[in-house]
Structures are given as C-alpha cells and as structure tokens.
Amino acid sequence: MSALLLLVRAGAPAAACLQLATSAVTRPRRAMAQYHTEERGQPCSHNYRLFFKNVTGHYISPFHDIPLKVNSKEENSISTKKAQNTENENLFNMIVEIPRWTNAKMEIATEEPLNPIKQYVKDGKLRYVANIFPYKGYIWNYGTLPQTWEDPHLKDKSTDCCGDNDPIDVCEIGSKIPSCGEVIQVKILGILALIDEGETDWKLIAINVNDPEASKFHDIDDVKKFKPGYLEATLNWFRLYKVPDGKPENQFAFNGEFKNKAFALEVVKSTHQCWKALLMKKCNGGTINCTNVQISDSPFRCTQEEARSLVESVSSSPNKESNNEEQVWHFLGK
Ligand SMILES: *[C@@H]1O[C@H](CO)[C@@H](O)[C@H](O)[C@H]1NC(C)=O
Ligand SMILES: *[C@@H]1O[C@H](CO)[C@@H](O)[C@H](O)[C@H]1NC(C)=O
C-alpha cells in the first residue's frame, strides 16, 4: 500500500498537479468498476491524455461507447414492478472530468479519436478555473453524461439559443470526491440553463447514487432543503467564473431559476437524440470525432485493432512547458 502511495507521489511533477496526478495514475479501481483509464503523457502538460477501456480491457470512447443509462438492457426486458422502473429511469452514467475543489479544466476531447480526457488549452496555455472568493476551484464534481450532444445548429425551444457543441454538463453534489476519469452512477435532480456567449450550456444537478444521503434526494427541492445555499452558490459561481478571464458575467434563461427533474430529463432525452443523429451521420457534426467501437449501426464504428492503434499513435513525447496554476483569490463582490 505504501509503495503504491510512493509511486503516486513520484509521478507528480508539481505541487499544483498533485490532486490531478493522484487521481490519474493508472491503478485498479474498485473490483466492480466497469471502466478503467490509461494515461499517456505527463499530468498538467499539453500532451497528457486519459484513455478509457471497458471491463475486458478494450479501448473505448467515453463520449460514445459508455451507455447513457446504467441499465441499458431495460429496453428489451419486461419489468413487472412499475416502481422499480421509475427508479431505473433516473439512473445515468456520469464521466467525472473535474473533481470537486480542483481547478484544472479537464475535459473530454470531443475532436480527437476515442475522445480521451485532456486539459483544455487556450492561446497555447493550459487552463485552470479561477478561485473566486469564497469558492475553491469547482464546487461540485463536474463532468458529463455520455451519449449526449448539444447540437450547435439546433435552436433550443426554451432558451432560443443553439447548443454549445459538447456533451451535456453535470454538477454532482454528493459528498464523495471521485477521481478524474471515474464513471459514477447518478440520479438527476434538476437543471440550470446557462447562456454562455449566446450558446445554451445546460448544467444538470445530480447526485451520486452511492452517496450516503442519496436516498433523501428525489428532485430539485430536496437540494434546497438538505443543502441550503448550494444552489445559490452554484448560480453565483456560473455567473462569475469567466470574469477573471476578462469576460462578461454569464446570463441564464428562466431568470436563473433551476428547473426540476422532469424538465431536466426531457433535456437529457433531446440531447441523447442529437447524439444519435450525430453518430448515424444524420446531421453535421463539424469537427466532432465520432470514432467508436460499440455503436452497431454507426458508420464511424472501428475495430478493436484500429482503436488500439489510434491510442498507440498518440505521442507521449516529453513536455512542452507545463504552466502551473496560479494561486490567486479573486474578490468580485456582489
Ligand atoms: C469491450 O469492448 C470490446 C471491443 O469493442 C467488445 O468486444 C466487448 O464486448 C466489450 N466488453 C464488454 C463487457 O462490454
Ligand atoms: C476521427 O478520427 C479518425 C482517426 O484519426 C479519422 O479517420 C476521422 O476522419 C475523424 N473524424 C470523424 C468524424 O470521426
């Protein structure tokens, strides 16, 4: 055990990267884990990539090959208990990109084959989210639902804005902190409609089903009841988070009101339909890379051997500069 810890520490190139490096080192997860990750390149560097494998060790795309619903067999099984069915209907896989209280903007590389997780780069620099008083980094476990896509050519009926060209984002409010690349099961509680520079950028509010308190949470009102202040902080966080980069405050549809679970599930359904159209080449996917290994009718499906050689062709050559996170507090007031 201590040898493993030592190994983890030795792999960390800089103090600011510790949290990330700890989470990203290849290691067996809990025995039951359905997915595994494999690193290429150094954490906190431009060439860092975190690839995904399924339980049998085959490379997959987390964006396309991880099912949206946890029990995706449900469609062809006849369920006798209605209650059981409703519970199943709200059980989703979530890919964790940014563990709570960390700053590195890790995200699924939608434009690269097999869509590994990498750190967002802008103007040649690795990006970190600012610390805005009184918050530290992201205030939830942040990630996405697989097999969803916010179509940038499709105007959303309720927000009157087009999608942001990404899978749908999730803020997971449980108390555990999973690591980057972990796939957890969540139930959805509600949704916020962020308008980011004229694009709809939905933010789902969800809770890890393995959270000790998960059974208390059924809908958005339970968040108000059991985690007072969290939704207000969430709104404030999203309003301000780009201000330190010289951008204006973000806007929200519905006057910043959080919509409930039923509304959220409809949004998830429609982003899943958009993703299906994308993978079946029925709409213009632009620069999104649709290479997958498991979507049977998709023209973008590749073989296991092709997937392996795609991963192996990714360079893990030594770093370009790896700029570290600045330790700054921003006081933006009201
Ligand atoms: C893992 O992926 C491979 C390659 O696509 C596939 O043949 C295999 O059935 C998958 N295993 C599971 C358990 O999903
Ligand atoms: C995705 O990447 C593969 C491999 O580099 C490439 O052949 C393909 O054209 C790319 N685009 C799409 C839409 O999948």
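General observations
- The residues of the stretch 103-149 that are over 20 Å from Tyr48 (Cβ atoms), in contact (Cβ under 8 Å) with a residue 60 or more places away in the chain and away from ligand 2 (no atom under 16 Å from the Cβ), listed by number, are Ala130, Asn131, Ile132, Phe133, Tyr135, Ile139, Trp140, Leu145, Pro146, Thr148.
- Checking each residue in the stretch 277-314 for being outside any strand (DSSP E or B), charged (D, E, K, R) and either within 12 Å of ligand 2 (Cβ to nearest atom) or touching a Ser or Thr at 6+ places or on another chain (Cβ under 9 Å) (or both) picks out Lys281, Glu306.
- Of all residues making up the stretch 188-239, the number that are crowded, with 19+ Cβ neighbours inside 10 Å, of a type in the set (A, V, I, L, M) and part of a strand (DSSP E or B): 10
- For the stretch 143-161, the set of residues classified as assigned to a strand (DSSP E or B) and modelled with pLDDT of 95 or more consists of Gly143, Thr144, listed by residue number.
- Taking the stretch 104-119 as the range and being surrounded by fewer than 24 Cβ atoms within 10 Å (Cβ to Cβ) and touching a helix residue (DSSP H, G or I) at 6+ places or on another chain (Cβ under 8 Å) as the test, the residues that pass are Ile108, Thr110, Pro113.
- Failed condition for Gln185, given (1) among the polar types (S, T, N, Q); (2) touching a Cys at 6+ places or on another chain (Cβ under 8 Å); (3) not in a loop (DSSP other than H, G, I, E, B): (2)
- Qualifying residue in the stretch 173-182 (condition: within 12 Å of the chain's Cα centre (by Cα), in contact (Cβ under 8 Å) with a residue 24 or more places away in the chain and part of a strand (DSSP E or B)): no
- Of the helices (runs of 4 or more DSSP H) that lie entirely inside the stretch 11-97, those containing 3 or more residues that are buried (at least 17 other Cβ atoms within 10 Å of the Cβ) and at pLDDT 50 or above span 62-65.
- Across the stretch 240-260, the qualifying residues are those that are loosely packed, with under 14 Cβ neighbours inside 10 Å and assigned to a helix (DSSP H, G or I), and the one among them that is modelled with the lowest pLDDT is Asp245.
The values are calculated or read from the model by the stated rules, or taken from the named source; none is laboratory data. Values in this document were obtained by computation on a predicted structure and should not be read as measured data. Cβ: placed from backbone, ideal geometry, glycine included. Neighbour counts: every protein chain shown.
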